[in-house]
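Rule-based calculations on the coordinates, nothing more; no lab input. Just so you know, these numbers come straight off a predicted model, no measurement behind them. Neighbour counts are summed over all protein chains in view; Cβ atoms, including those assigned to glycine, are modelled from backbone coordinates with ideal geometry.
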Amino acid sequence: MHLSNWDVYWFTRLEEIKSLLSFNGEPEFVSSFIVCVVILGGCALLSTNDNSEIDSTKLINMLKKFIKPFVLYLCIRVILIFCAVLIPTQKEMAAIIMLPAVINNEELQKVPDNVLKLLNAKLEEWLEDTTTTGNVPVKK
């Protein structure tokens, strides 16, 4: 099996993508949207005349003034959220670089086989000692 850097990258991003889709990671985004709606509603109430009729031209002009910064804020916020989701942390980046190098290295894959052979040889030696003497070998 060959493990690539992209495999590890997307594996590290799964949790971030899940939290983005479930809105668990960005409650302030929803709350700031609600605050902006309340501000826009307050602007509509302020533009009413004395006889409680809304002057539509004033309201439209006021909404245009407040909508442009709000849309700009939303665009910047969405870009920042996607950057936070797609840019890995230092530890994740180290794993993205190191894991494929370690897993795909044939020399490092031989190490567990060599250790297992050594352990088996030692166990065989200890078993021979216990069967001939009847005692468990003591570490020297």
Requested in this report: Just grab the label-to-label distance for S22 and N61, each label 7 Å out from Cα along the Cβ direction, in nm (one decimal).
Outcome: 4.9
Query - Computed FRET value (nearest 0.05) for D129 with K91, which takes r as the C-beta separation and R₀ as 41 Å - result: 0.35
Requested in this report: Between beta-carbons, use under 15 Å as the cut-off and find the net charge around V71, counting Lys and Arg +1, Asp and Glu -1.
Outcome: +4
